[in-house]
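Read through the structure below, which is laid out as structure tokens, and then see the notes.
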Amino acid sequence: MHILKRHWSKVIFNSLLIIWTLFPIYWLLSLAVRSQTELTGQLSLWPRSFSLEHFSALMAGGQFGQSIVNSLQVTLLSTSFALVLGLCSAYILARLQFRFALRGLLLVWSFLVRVLPPIAFAMPLYILMNRAGLLSTLAPLTLTHILMNLPFIIWFMIAFFQRFPIELTESARMDGASEGRTFWSVVLPVTAPGIAAVGILSFMTSWNEYLYAVIFVQSPSDFTIPLALATFNSEQELAKWGQLAAGGVISALPVILFVCFAQRFLIQGLSGGAVKE
Amino acid sequence: MKRVFKATLMASLLPLVLTGCTGGTSVSSETVAQAEQTTAELADQSTAEAGGAPTAATTTAAASTTTDATTRAAQTAAADQEAATLTIIARGGSHVDVINAVKDKFEQENNVTIEVLGLESDELKQKISLDAANATGSYDLAMADDPWMPEFAEAGIFRNLTEMGYEADSDFVQQSLDIGRNPYGTGDLYALPFAGNVQFFFYNKELLSSLQAEVPTDWAAVLDIAKAAKAAGQVGYVIRGQQGNPVVSDYLPILWSYGGDVFDADWNVTVDSEAGQASLNFYLELLANGANYEKNDIVAAVSDGSAAMSLGWPSWYISDQGASAAYAVIPGKADADSTEYASGMIGNWMMGVTANSQQPELALKFLEYVTSAEAQKTGAEVGGVPTRTSVLSDPELLAKYPYFQTLLTATQNSVVRPRTSKWSEIETAYGTELSNAVAGTKTVDQALADAKTAIEKIMQ
Amino acid sequence: MKQEKRATAFAYSMALPALVVLAGLSVYPLLYILLYSFTDYTLLAREAPAWVGGANYAEILQDPYFQQALLNTVKFAFGAVLLETGLGLLMALQVIRMKSGQQLLRTLLLLPTLLPGVTVALTWQIMFSNNNGILNQLLAWLQLPAVNWLQDPGTAFYAILAIDVWQYAPFAFLLIYAALQTVPASQYEAACLDGAGNWDQFRYITLPNIQPALLLTALLRTIDSFRLFDKVNILTRGGPANTTATITQYIYQNGVRSLKIGYGGAASVIMTVLVLLLSLVYIRKSFTAAGRRG
């Protein structure tokens, strides 16, 4: 009886969780496939029409396609760079036996960068990039996305590296492995779940970033997806629900693919076993 | 074996981790060098593209004409042989559609490429302002919302069109052209009206006729109809009471109809005048006989007849044959016997030649073209709102867009928001206090008194 | 001796690049904001900016709109962190115990975090709509009166909070889930042998093991919810009656939108200092926790 009751509460919790998470997603999908005439009236729970007009309107002219390419470039480049820089430095910061005089500075500085409101940071960064002659390339955006994600990666990975059993690195060193090899083939595989998590979240932050994207963009051929979508909602015109939703669906696909891929690393690292109940 | 497999997977996920961290210390520092090199390359490349090295830029341009950065570089470097590019920074949405719809002809005739950067309005203003500091502007033409004009004029963002030899064209509706002058209405021209937005009275024909009501010409009549609609189980009058720009734009026409204004002739703040109090109380009474919606809901509700009346903008026009929504000029008097004032807010989008454009003559030529009767007629088909009398009374267009007639009358009876460079700050403060009144968290008296204090502080 | 030197060289080559990148991109903006926060610099002004000392700071701190924004932001951050970390933890504990379908559920749960902000905001706007939104349809079906979710001062704040929780609980979920994966199974096995129940296992094994990650997730969410802006700007613009105005929205309205760089900069500095002060509590706690364990 007791077990049955607990079982039911679990089922109810899980169902509520899934409805809560997925209903807005369902609604988004349904907006994307309803015809324009249906969208202006009262919306029923199930779509009364099915149409791909919003997708074709969105892709017409190829500009949205270009935005996807730009977004991919910036996101992949910045996420990779931020991960390399972040993982390497977090490892040193976490391991107090490494002598690194600037440890405190790096810790505080990265934290500060994360805390400052991007809304205030954007303007001076624009001036900086403008003087460096970098505007009208995707470099400013890539660099600022690194700036945005690096502190997050550093701080979160410190927590992972700190928990890493020191005996493992010691024994690797005993076997004559260099510090670099130890880091690469002993430490990283075990912390893979953490790396995958920050990787996914950095990727998605960069993918959906708007504020810096809008201040650096100089030409419509440099638009990223959030920029392309933003003009569908404006004060003086009616929101283009259909195209916004369709754009949201399309833009989520590459991220979902990335998540599915990165998820392989979310599973247990090498040293521990599976968590058991 | 498993370990190798994982390492391989990780390698494909993070190619840079691979190069960065495989071989220990030495490789690690190599990565750094490599990373720096890549950054340096990026930098070099972009300096070249930005026009730092003209010859290199031209060769690149020949190789890949698709990247517009190179095209822009080429334009400064070798304007004589390559097609020039005019860059326009504009409000995204239908304005960009209009420019794209008419640009082909100009591009062919003048051997030029037109590039349009469409942004949301706040970001548009910020980017124009940031770029204004550069000696060489990134944009040749820029769009500006009507309340920005005093600020932009003070800062010298736009070139003086009159000095460039442009003669004011009397076909433009006077009220629209006046916005482009500095000082307002009397000075030289700095920008031309690109889109003739002006506020309308927006109502549902069928609902009004079922209530046996005429289109109201004073606000007391509006309230009567709203009450009747409410009694019939519908929403009477819909206010757009969101804090900030929406509530200010939605309320000001009523304030003006009551003979009030934000400032008097000597820039004293008069939001809490007798007219101010009466009109805000009236506004709340309208709300009591109606609802408070966001714009998309307003259009949907008035179009399908679940709501009777509201204020609206031309760009909300639903061309749907079935929609029974229609536009009229906003009532200009409190009740049938009171004085009539102009009450519709004008909200034109202007376009001007930037002061730091490197090809002002060509830019002006395009500006004249894009605001010409011919271009406006084409643009109207894709959602453009004309600013010329001849286009607004064109029989062919009127058959298709009967509201153009109303638009012309409404523009001629429109009111311009106070011409101060601090309007955006005032709107923020005023909008907050109006929202307090609408939400009922402050009394009308309190909200208006606080609004007055806040606006006075801004004007100091 | 030689080995130690090599280790130090390794440490510098690993950590310096990050510092160089961070500093290279942030020193100038930081100084810029700080310096101009003591001036009356306005982007479009023709005169050179004048030094005004602490006038901007004094004005902001006395501004009732700022005080309200500050209060809202703190309230929001507190609620968001609690709900998001709590829900994220629950999700992670549920998912990790599942015997099959973990990968599918993980992907599904992550979906809200993956969507672009403007799409998220407008999808919720259409659901919250006062004119036949699906939520009000549900209320009507339950015979309840309609609610003007985003324009009623009693509900707007919670509506925005709900969207934020929906969007970012998965963020907390993912980080906590990753941390749970590194809890050594041997500890659970030992506990099982000792006959510890589920709660004891959670209390004495899971929680201590994931505490650093949990605290850090809470810290990150605190920082990020202090920057709450896009949803507010699209859905309510701080209204109704300023109930959803946040500090970032305040900076945007009074600094960015009106191009007052000095004023906006001062507000940003105040916000940064506040967040740093708040984070001190977390940081100290996480460090003492680490100390106790070691």
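The values are calculated or read from the model by the stated rules, or taken from the named source; none is laboratory data. Computed from a predicted model, the values in this text were never measured in an experiment. Quick reminder, even Gly has a Cβ in these numbers, built from the backbone with ideal geometry, and neighbours come from all protein chains shown. Each accessible area value is taken on the protein alone, full model and side chains, heavy atoms only, with ligands, DNA and RNA left out. Shrake-Rupley method; radii C 1.70, N 1.55, O 1.52, S 1.80 Å.
Using a simple spin-label model with pseudo-atoms 7 Å out from Cα toward Cβ, A:Leu253 and C:Leu61 lie 5.4 nm apart. Surface exposure of chain A, expressed per residue as accessible area with a 1.4 Å probe, stands at 36 Å².
In this structure B:Thr420 has an accessible area near 10 Å², from a 1.4 Å probe over the protein heavy atoms.
Taking amide H atoms as placed 1.01 Å from N in the peptide plane, the amide H of B:Gly118 lies under 5 Å from those of B:Ala90, each 5 or more residues away in sequence or on another chain.
Partner shielding of B:126-135 amounts to 4, given as the average count of beta-carbon atoms from other chains within 10 Å of each residue beta-carbon.
Starting from the residue with the highest accessible area, list C:Asp63, B:Asp264, A:Asp175 in decreasing order, probe 1.4 Å.
Solvent-accessible surface, decreasing: A:Asp175, B:Asp264, C:Asp63.
With 50 Å² as the minimum drop in accessible area between chain alone and full protein complex (1.4 Å probe), the qualifying residues in the range A:186-214 are A:Leu201, A:Met204, A:Asn208, A:Val214.
For the range B:137-237, GluC sites (Glu not before Pro) are listed when DSSP marks them as loop and at most 10 other Cβ atoms sit within 10 Å of their Cβ; the list is B:Glu163, B:Glu167, B:Glu214. Each label was represented as a point 7 Å from its Cα along the Cα-to-Cβ direction; for A:Arg99 and B:Glu214 these points are 9.5 nm apart. Of C:Met127, A:Met59, B:Met164, the order by accessible heavy-atom surface (1.4 Å probe, DNA, RNA and ligands excluded), from most exposed downward, is A:Met59, B:Met164, C:Met127.
Helix by helix, which DSSP H runs in chain A go 27 Å or more along their axis at the Cα atoms and have an average Kyte-Doolittle hydropathy of 0.5 or more? Before the final figure, lay out the partial values.
Details: long enough: A:2-33 (45 Å, 1.06); A:63-94 (44 Å, 1.26); A:139-162 (33 Å, 1.50); A:241-262 (31 Å, 1.83).
Helix filter hits for chain A: A:2-33, A:63-94, A:139-162, A:241-262.
For the range C:78-156, the direction-averaged projected area of the alpha-carbon convex hull comes to 7.4 nm². By accessible area, using a 1.4 Å probe on protein heavy atoms only, the range B:286-395 has 49% of its surface on carbon and sulfur. 3J(HN,Hα) along the range B:360-377, derived from phi through the Karplus expression 6.51 cos²θ - 1.76 cosθ + 1.60 where θ = phi - 60°, amounts to x, 5, 5, 4, 5, 4, 5, 4, 5, 5, 6, 9, 6, 4, 4, 5, 5, 5 Hz, with x in place of Gly and Pro.
Per residue, the accessible area of chain C comes to 40 Å² when a 1.4 Å probe rolls over the protein heavy atoms. Where the alpha-carbon atoms of the protein assembly as shown are placed on the principal axes, they occupy 96, 80, 57 Å, in descending order. Whole-Hz Karplus values for the range B:442-447 come out as 9, 6, 4, 4, 5, 4 Hz, taken residue by residue from phi with 6.51 cos²θ - 1.76 cosθ + 1.60 and θ = phi - 60°; glycine and proline positions read x. Comparing each chain alone with all protein chains together (probe 1.4 Å, DNA, RNA and ligands left out), the residues of the range A:227-255 losing at least 50 Å² of accessible area are A:Thr231, A:Asn233, A:Glu235, A:Gln236, A:Glu237, A:Leu238, A:Trp241. Surface listing: C:Tyr177, C:Tyr41, B:Tyr184 arranged by accessible area from highest to lowest gives B:Tyr184, C:Tyr41, C:Tyr177, probe 1.4 Å.
Accessible surface of B:Lys295, taken over heavy atoms with a 1.4 Å probe and every protein chain present, rounds to 10 Å². Using the Karplus relation 6.51 cos²θ - 1.76 cosθ + 1.60 with θ = phi - 60°, the per-residue 3J(HN,Hα) values for the range B:175-182 come to 4, 6, 5, 4, 4, x, 8, 9 Hz, with x marking Gly and Pro. Between chain A and chain C, roughly 9400 Å² of accessible surface gets buried, counting both sides and using a 1.4 Å probe. Amide H contacts under 5 Å for B:Val385: B:Gly196, restricted to partners 5 or more places along the chain or on a different chain, H placed in the peptide plane at 1.01 Å from N.
Normalising by residue count, the range C:197-271 has a Cα convex hull of 126 Å³ per residue.
Near B:Phe158, the amide H atoms lying under 5 Å from its own belong to B:Ala355; only residues 5 or more places off or on other chains count, and H is placed 1.01 Å from N. For chain C, adding -39500 (n - 2.57) for each run of n ≥ 4 DSSP H residues and dividing by the number of residues yields -24000 deg cm²/dmol at 222 nm. Per residue, the convex hull spanned by the alpha carbons of the range B:253-380 comes to 192 Å³. Note down the net charge around B:Thr162, summing +1 for each Lys or Arg and -1 for each Asp or Glu among other residues with Cβ under 13 Å from its Cβ. Taking every other residue near B:Thr162 into account, the sum is -2. Once all protein chains are placed together, A:Ser80 keeps about 20 Å² accessible to a 1.4 angstrom probe.
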